[in-house]
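For reference, the structure I am asking about is given below.
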Amino acid sequence: MKRKIIAAIIAAVIIIFCLATFFVTGSGEERVYTRENSPIDYESELQAGKEQNRILTGVQQIMIGSRCNNYDEALATLKQIKEAGYDGIELNEFMIKPTPLMVKIMTKVAGMPAGNGGKLDWQKLIAESGLKVISVHSYLNSIEENPAAVAEQALSFGTDTVVITGMYRFDYGNPTEVNKLAERLNKAGEMLSEYGVKLLYHNHNVELQRVTEDKTAYDIIVENTDPKYVNFELDTYWMTDAGADVNAIINKLGNRMVMWHINDRGCKKTGPFTTPILKEDAAELGTGNMPLDTYLDNVRVNTNVRAIVLETHKNWIDKDPVKSLKVSAKWFERLS
């Protein structure tokens, strides 16, 4: 009996390892988009982005995974985003092609189902929705293994921006590894630049771990990356969650802050508000406790932000991400 149990455990570990490997490296059958097979007028879209005089607004694709299980549903969802006043969407590499099972499990556990949208034609969906693609989230190893494919995928959607979404199972408390990460980011950014594509780094809260008495992992990444090749998509929700002085980080990044991931933080509980501690979570913009207006003022004056992307994590109104993003759209009226 014990041998059977041990064998079952070993088999489960092997399966998990294989799924994790698939998550990191991809399925092996990679669909590479090019300008030629894209229904999007790449040159017009890119030029329109360069000529844009105001800050673009968008929604992160992870928000709408559960509302994109078939083509008609996905198109209706994208059109609702457009009708709510958003300019575009930020795509995820793992959601625009068949999604590995492990990724589906991980996102569902996190409260953000990836859905079955990876089977859909996102080139066609974007073209029909009227939305712009603001950027594409990818993985560092994807860029290192095939920078041309990552660049062409982004360019085919009419965007010149690729974002690294942080490192999976990475020790941000290890200064040696964090310094190596900065080197890898520089090389990845340099490789993408050969195709006219920019690289941004997106943080979570773990980058605020101190690696020396006076430096966090984020400090090391910022200070040891080359602005020619690496800049930043600052997520202020996660910086707030880590207890950071967000305005100080905005000031530190300056013009290297190219995109802003935005969220608010509050409590949906209706009362009574008794001790010991209220559970706070994502909230619609302007309904929580984060000083978003103050951040916006600072961003306007001291950064080079060209797009603000909404990404709320569950806790939606009636568990509906579209209802939630429509409420958040009202906050974005401050930009006009």
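The values are calculated or read from the model by the stated rules, or taken from the named source; none is laboratory data. Please read all numbers here as calculations on a predicted model, not as lab measurements. Cβ atoms come from the backbone with ideal geometry, glycine included; neighbour counts cover every protein chain shown. Ligands, DNA and RNA are stripped out before the accessible areas are found, and what is left, the full protein with its side chains, is counted by its heavy atoms. Shrake-Rupley method; radii C 1.70, N 1.55, O 1.52, S 1.80 Å.
Treating region 157-225 as a set of equal point scatterers at the Cα positions, no solvent, please give the Debye-formula log₁₀ I(q)/I(0) at q = 0.16, 0.17, 0.18, 0.23 Å⁻¹.
Cα-only, vacuum Debye calculation for region 157-225: -0.55, -0.61, -0.67, -0.98.
Considering amide H positions built from the backbone, and no H for Pro or chain starts, which residues 5 or more places from Asp235, or on another chain, come under 5 Å of its amide H?
So Asp235 has HN proximity to Asn203, His261.
Counting other Cβ atoms within 10 Å, which GluC sites (Glu not before Pro) in region 185-289 have at most 12 and lie in a DSSP loop?
Qualifying residues, ordered by number: Glu194, Glu213.
Count charges around Tyr139 for me, please; just the other residues with Cβ under 11 Å from its Cβ, Lys/Arg as +1, Asp/Glu as -1.
-3
Mind giving me the FRET efficiency for Ala76 and Glu194? R0 is 56 Å, r the Cβ-Cβ distance, nearest 0.05 is fine.
0.90
Which part of region 315-336 falls in the paramagnetic zone of Asp293, meaning amide N under 18 Å from the point 7 Å along Cα-to-beta-carbon?
328-336
Still on this structure, I have one more. What three numbers, in Å, describe the spread of the alpha carbons of region 198-336 along their principal axes, ordered from the longest?
If we take the Cα atoms of region 198-336, the spans are 48, 38, 23 Å.
Express the accessible area of region 160-289 per residue in Å², computed with a 1.4 Å probe while the remaining protein chains stay in the model.
On the way: 6110 Å² over 130 residues.
For region 160-289, the per-residue accessible area is 47 Å².
Let me ask another. Please list, ordered by chain and number, the residues whose modelled amide H lies under 5 Å from the amide H of Ser135; skip anything fewer than 5 residues away on the same chain.
Leu91
Among the listed pairs Lys82/Lys228; Lys79/Lys119; Lys269/Lys314; Lys198/Lys326; Lys97/Lys124, which are separated by more than 24 Å between their Cα atoms? Working shown, then result.
On the way: Lys82/Lys228 33 Å; Lys79/Lys119 19 Å; Lys269/Lys314 14 Å; Lys198/Lys326 30 Å; Lys97/Lys124 13 Å.
Listed pairs above 24 Å: Lys82/Lys228; Lys198/Lys326.
Between Thr212 and Asp320, 0.36 nm times their residue separation minus their Cα-Cα distance comes to what?
34.6 nm
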